[in-house]
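The values are calculated or read from the model by the stated rules, or taken from the named source; none is laboratory data. Model, not experiment: these values are computed from the prediction. Cβ atoms come from the backbone with ideal geometry, glycine included; neighbour counts cover every protein chain shown.
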Amino acid sequence: MKRKIIFLSTLYLMYGASNVMGDFFTNISDKISENKPRLSYGISVTDINKDGADEFIVTGFGYPNLALKYESGQLINVVNESIFQDSTRSSIGVAACDIDGDGYEEIYVLNTDTYSGEKKYTDRLLDMDNKLFDLFELARNQFYLNLTAGRSVICVDRKGNGDFGFYVANYGGPTRFYEMRDNIIVDVAEDLNVNRVTGGRAVVSGQIVSNQVDIFAANERGPNFLYKNDEGSFVDIALEFNLQDVFQNGRGTSLADVLYRGRLDIVTSNWEGFHRIFTFNNNSFADIATLEFREPSKIRTTIVADFDNDGYDEIFLNNIGEPNKLFKILEGGNLQPIQITEGLESTGLGTGAAVADIDNDGVLELLIAHGESAPEPLSMYKADIAGKSRFVRIRPLNFNNAPARGATVVLNTNLRQHAKTIDSGSGYLCQMEPVAHFGLRKGEIVENIIVRWTNGENDTFRLGLMNKTYVFKQNP
């Protein structure tokens with residue numbers, strides 16, 4: 001396996017992280033411009049306008065889709081083209097990746113105007129070339145249109161060469177897997193053995209059990225799937241690996257290194273069922289969740305991130321119509337409940353959420369969408385720790401200079417080995433920023449960063465100053 005050592009610097013800023021005082025989150029929803037009540041679902045984070053900065057893409061269910069950019073201290077919608085806003089359609093899931101190899105991400109917007117089975121309106125696959133246009137509206141791409149109700153969509157670089165596809169978790173119809181071949185969008189789900197009919201809900205992809213990109217799908221009214229990447233095709237090994245969870249109804253799911261050992265585990269939740277933390281050991285997965293974490297809820301989105309930059313991740317459980325929950329992951333996968341006031345949203349109708357350092361201050365923002373049964377505005381929170389903590393952010397780019405979604409970044413320090421995925425789609429209906437964000441612990445010294453690319457090759461990088469974002473590109 002190829003390894004390259006790249007020395008950038010050996011200097012470190014050595015000041016410790018401060019503990020968050022008072023409430024964990026601060027409500028910064030006032031930074032969202034024209035934040036009117038609406039029905040929203042999935043949120044993605046991508047650079048829609050090619051200006052080098054990410055935006056929050058917020059779906060609208062009978063309301064305009066939004067592209068929220070941080071400008072002058074506010075989140076402002078910067079895309080008003082009708083094909084993007086699409087107010088007459090019912091957008092629910094969203095994900096972005098570079099499907100055509102031009103170095104920029106296309107945006108898949110999953111529309112669902114019925115609960116299950118056949119739907120009226122197909123999905124959008126939006127590309128920016130001077131202006132936005134829908135690849136599915138081109139005559140050559142209309143043979144494989146998705147006319148089945150769906151929920152989540154994710155990106156999969158199954159061959160590890162930067163040629164992404166979109167896995168579409170449909171409900172009451174076959175799963176879709178769209179790729180571009182000879183400049184035509186085709187559905188290759190049958191060829192890849194993933195065209196199964198189920199109640200598709202949440203789905204994630206990353207280096208779960210192989211050195212390439214695997215897929216975990218949390219389903220409803222049927223078993224979960226764990227597709228191991230087998231030279232670009234897929235084999236479902238969920239039964240052998242104890243992940244089917246047949247009596248639960250899957251919802252929010254994320255990949256996270258809950259044991260701080262340098263490999264990804266699966267954090268997955270179930271609608272009014274038991275929430276799980278599946279860790280891998282001895283060729284199987286075991287649920288190590290505490291009783292308090294497992295407690296059933298009306299769960300929608302599950303996010304794992306280090307919100308307060310203390311070097312320990314938190315798990316945010318976004319419920320609909322009942323209080324949200326927050327847990328800190330300590331050593332050994334031990335969970336510490338965190339009492340929150342801001343972000344609790346006891347009666348909020350949460351439907352989706354995503355994280356990004358949208359204002360570039362080194363602290364993650366949490367944007368929450370609401371709706372379904374009644375219009376509600378968006379909300380946004382962050383830990384009030386700017387300038388009081390240390391962090392490092394890693395943004396890997398693939399061969400095509402596009403975000404290397406599905407790759408894994410491993411932080412090696414004197415205190416831990418911590419893996420994070422470059423998010424391909426997660427939470428539920430959503431997709432996080434394509435960055436591995438690490439808060440740093442008190443007294444922690446970073447030794448190196450390893451990027452595990454989607455083709456299984458590793459590059460090792462030594463860092464210089466902390467409190468910045470490093471961009472690393474995959475070499476041909």
Response to the item:
From the option list 449, 394, single residue qualifying as closer than 24 Å to residue 69 by Cβ and either crowded, with 24+ Cβ neighbours inside 10 Å or hydrophobic (A, V, I, L, M, F, W, C) (or both) is 394
Practice prompt. Check residue 210 against each of (1) touching a Lys or Arg at 6+ places or on another chain (Cβ under 7 Å); (2) assigned to a loop (DSSP other than H, G, I, E, B); (3) closer than 17 Å to residue 287 by Cβ and name the one condition it does not meet.
Written response: (3)
Worksheet item: Taking region 230-271 only, how many residues are in contact with an Asp or Glu (Cβ under 9 Å, 6 or more places away or on another chain), within 22 Å of residue 156 (Cα to Cα), polar (S, T, N, Q) and assigned to a loop (DSSP other than H, G, I, E, B)?
Response: 0
Worksheet item: Out of all the residues in region 281-289, is one or more part of a strand (DSSP E or B), at pLDDT 95 or above and in contact with a Lys or Arg (Cβ under 6 Å, 6 or more places away or on another chain)?
Response: yes
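Quick one: which strands (runs of 3 or more DSSP E) sit completely within region 3-85 and have at least 1 residues that are in contact with a helix residue (DSSP H, G or I) (Cβ under 9 Å, 6 or more places away or on another chain) and at pLDDT 95 or above?
On the way: elements: 5-7, 25-27, 40-46, 55-60, 66-71, 74-77.
So the answer is 55-60, 66-71, 74-77.
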Item to complete: Answer yes if at least one residue in region 203-224 is without any contact (Cβ under 8 Å) to a residue 24 or more places away in the chain, closer than 24 Å to residue 303 by Cβ and under 15 Å from the mean Cα position of the chain (by Cα), and no otherwise.
Response: yes
Item to complete: Could you tell me which residue of region 233-270 is nearest to residue 419 (Cα to Cα), considering only residues that are surrounded by fewer than 17 Cβ atoms within 10 Å (Cβ to Cβ) and of a type in the set (S, T, N, Q)?
Response: 242
Worksheet, complete the sentence: A careful count of residues in region 158-189 that are aliphatic (A, V, I, L, M), within 15 Å of residue 217 (Cβ to Cβ) and assigned to a loop (DSSP other than H, G, I, E, B) gives 1
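Give the residues of region 125-157 that are outside any strand (DSSP E or B), under 22 Å from residue 45 (Cβ atoms) and among the charged types (D, E, K, R), sorted by residue number. Before you say what the answer is, go through the steps one by one.
Filtering region 125-157 for residues outside any strand (DSSP E or B) gives 130, 135-147, 149, 157.
Now drop any that are not under 22 Å from residue 45 (Cβ atoms), which leaves 135, 157.
157 - this is the single residue of region 125-157 that is outside any strand (DSSP E or B), under 22 Å from residue 45 (Cβ atoms) and among the charged types (D, E, K, R).
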Discussion item. I need the full set of residues from region 225-262 which are of a type in the set (Val, Ile, Thr) and either over 24 Å from residue 97 (Cβ atoms) or touching a residue at least 60 places away in the same chain (Cβ under 8 Å) (or both), in order please.
Written reply: 237, 246, 253, 258
Fill in: Residue ranges of strands (runs of 3 or more DSSP E) in region 296-397 with at least 1 members under 19 Å from the mean Cα position of the chain (by Cα) and of a type outside the set (Phe, Trp, Tyr)
299-305, 314-319, 325-329, 350-356, 365-370, 379-383, 391-397
